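The values are calculated or read from the model by the stated rules, or taken from the named source; none is laboratory data. Source: prediction; values computed, not measured. Surface accessibility is based on the protein's heavy atoms, side chains included, excluding ligands, DNA and RNA. Shrake-Rupley method; radii C 1.70, N 1.55, O 1.52, S 1.80 Å.
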Amino acid sequence: MASNAPILHKAPTPTVNPNNPKVETWADIGLTLIHEFITEDEEATMIAAFHAADPRTGGRKRLSQHFGYHFDYTTFGASGTNFSPLPPYIAALLPRLPVQNYLPDQFTTQYYPPGAGIPPHVDTHSMFGEALYSLSFGSDVPMAFKKAGANDARKMRLPKRSLQVQDQAAAAAADTNTQAIVAESGTSTSTLQQQQQDEEDLPSWELVLPRRSLLLMMGPSRYGYTHGIKSRKTDIINGEPVLREGRYSITMRTVRLGDAIGCTCNFPGVCDARVREEQEAAGMKGP
């Protein structure tokens with residue numbers, strides 16, 4: 001039986017900015033990694049601030065805090081009613097971000113206990129601007145990228161569940177996912193398995209996100225690749241096994257409101273705006 005798990009490879013060789021060796025880019029997919037984006041003092045301040053608001057560290061699930069517009073785990077967009085002022089340590093980041101013609105206004109700070117991960121996903125297209133940032137601190141972690149394929153497109157067309165529910169079900173067996181997709185789409189199991197086998201040939205690799213680094217996703221990496229972090233206790237970094245430590249991140253997005261909501265990207269299979277258009281045309285209720 002074919003496996004849903006992609007074969008992960010070492011990340012492609014980046015282009016290093018000759019004027020700033022801390023900046024690595026993968027221009028073909030719109031990905032940028034900036035090493036040492038924050039200082040050790042800033043990192044310590046962010047960790048202390050997080051646990052001053054929430055002292056828990058002993059659980060197995062990630063913990064979240066929201067600033068600016070709150071992220072809505074049901075709509076996968078921004079809350080229209082919940083808004084929190086930015087703390088100084090986040091406001092200080094804004095003038096240093098690579099994209100300055102528009103700035104994030106939705107910030108999700110998260111703590112990941114050792115072993116916790118993120119299910120592979122594509123962030124909502126229509127509700128947020130193109131630039132998607134992830135600031136990592138506390139420890140290094142590999143993030144998996146995979147070019148979205150037919151299986152990801154099918155999942156986009158299944159009934160939506162909140163991200164919290166997805167987290168709880170992230171470790172479900174591949175057979176369970178296959179059965180759900182078969183039931184919804186009417187696609188034969190043998191056809192699904194063949195398509196899943198074909199998807200193993202799609203580009204997929206892991207990129208180590210060093211502590212204090214900033215990741216910027218634009219273009220294909222933002223709209224046409226899934227990204228996630230595998231749930232595991234040990235990573236292989238530079239060829240050596242490394243035990244996971246607690247990790248923190250700040251995801252930064254720019255909220256689209258009113259007539260700005262929408263998307264015309266080149267990845268309709270995993271575009272929520274296109275899915276909604278398909279469902280409206282078919283007389284179905286949108287996600």
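Thinking of the range 1-103 as a set of Cα atoms, what percent of all their pairs are more than 22 Å apart? Mind dumping the intermediate values first?
Working: 3036 of 5253 pairs.
Summing the P(r) of the range 1-103 above 22 Å gives 58 percent of all pairs.
Roll a 1.4 angstrom probe over the protein heavy atoms and tell me the percent of accessible area of the range 233-287 that is carbon or sulfur. The partial results should precede the final answer.
Details: 1720 of 3280 Å².
Carbon and sulfur together cover 52 percent of it.
Return the Cα extents of the range 195-271 along principal axes one, two and three, sorted largest first, each rounded to a whole Å.
Extents along the principal axes, in whole Å: 48, 35, 17.
Return the carbon/sulfur percentage of the accessible area of the range 1-145, one whole number, probe 1.4 Å, all protein chains in place.
Details: 3990 of 7000 Å².
Roughly 57 percent of what the probe reaches on the range 1-145 is carbon or sulfur.
Just to confirm, what accessible area per residue do you get for the range 1-124 at 1.4 Å probe, in whole Å²? Write out the running numbers ahead of the final one.
Working: 6730 Å² over 124 residues.
Counting only protein heavy atoms, the per-residue value for the range 1-124 is 54 Å².
In whole Å, what is the distance between the alpha-carbon centres of the range 8-42 and the range 210-254?
Each part reduced to its Cα centre gives a spacing of 12 Å.
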